[in-house]
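Asker: Once you've had a glance at the structure underneath, I'll fire off some questions.
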Amino acid sequence: MANTASARKRIRQTATRNERNRARRSRVSTFLTKVEKAIASGDKAAAQAAFKDAQPEYQRAVTKGIVHLNTVARKLSRLSARIKALGAQAQA
């Protein structure tokens, strides 16, 4: 158990930050799920709209230090490619 005032304060700060980060991570995950569902349904317009909503959330997660910049770039690139492939399937 923390003995000093500064240690108690550090515990409070860590708990608050942990809660905030968990909420941010969950929010990003929710937006990703919406994009995944739209892709699975095969609706390119819905997938593009969901992707457009998810992009700023991912970028915000980078600025807040929740995920790494390269991780977000990779994930967004792969999602974009999958959405683009939906259009190719519809034309074929």
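Asker: Among (1) in a loop (DSSP other than H, G, I, E, B); (2) under 18 Å from the mean Cα position of the chain (by Cα), there is one condition residue 34 misses while meeting the rest; what is its number?
Answerer: It is condition (1) that residue 34 fails.
Asker: Of all residues being in contact with a helix residue (DSSP H, G or I) (Cβ under 7 Å, 6 or more places away or on another chain) and touching a residue at least 24 places away in the same chain (Cβ under 8 Å) in region 59-70, which is surrounded by the most Cβ atoms within 10 Å (Cβ to Cβ)? Just the residue, please.
Answerer: 61
Asker: Please determine, by comparing only the residues of region 28-58 that are of a type outside the set (A, V, I, L, M, F, W, C) and surrounded by 14 or more Cβ atoms within 10 Å (Cβ to Cβ), which one is nearest to residue 88 (Cα to Cα).
Answerer: 44
Asker: Now for a different question. Could you count how many residues in region 37-83 are acidic (Asp, Glu) and either under 28 Å from residue 20 (Cα atoms) or touching a Cys at 6+ places or on another chain (Cβ under 9 Å) (or both)?
Answerer: 2
Asker: Sticking with this one: Any idea how many residues of region 71-92 are in a helix (DSSP H, G or I), open to solvent by 100 Å² or more (accessible area, probe 1.4 Å) and either of a type in the set (A, V, I, L, M, F, W, C) or free of Cβ contacts under 8 Å to residues at least 12 places away in the same chain (or both)?
Answerer: Here the count works out to 4.
The values are calculated or read from the model by the stated rules, or taken from the named source; none is laboratory data. Bear in mind the structure is a predicted one, so any value in this text is a computation, not a measurement. Quick reminder, even Gly has a Cβ in these numbers, built from the backbone with ideal geometry, and neighbours come from all protein chains shown. Remember, those area values only see protein heavy atoms, side chains included, never the ligands or the DNA or RNA. Shrake-Rupley method; radii C 1.70, N 1.55, O 1.52, S 1.80 Å.
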